[in-house]
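Right, one structure below, let's go through it.
Every read-out reported here was derived from the displayed coordinates using simple, explicitly stated rules and does not represent laboratory data. This one's a predicted model, so the numbers in the text were calculated from it and none came from an experiment. All Cβ positions, even for glycine, are placed from backbone atoms using ideal geometry, and neighbour counts span all protein chains on display.
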């Protein structure tokens, strides 16, 4: 198993990146990521529905993983540190 990029250790990836990636992908496909939007749908009341990262848009899976400028910076950092073609 290769070295885990430092940028991923902030997100709790410590053991098997392959298993963690599979688990994350399954949760993404099933829309089981606990975003503000999903928590509201499940009855968890949150005062602010905007993204905790950028405060600019409603937090949902699409925004959190693909369109948030903060997330894009994180992906770019991971790509640079791990030399991955993301």
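Couple of notes before you dig in:
- Between residue 54 and residue 76, the FRET efficiency estimated from the beta carbon spacing at R0 = 22 angstrom works out to 0.90.
- Label-point separation, residue 61 to residue 26 (7 Å along Cα→Cβ), nm: 1.4 nm
- The spacing between region 60-80 and region 22-42, judged by their C-alpha centroids, is 16 Å.
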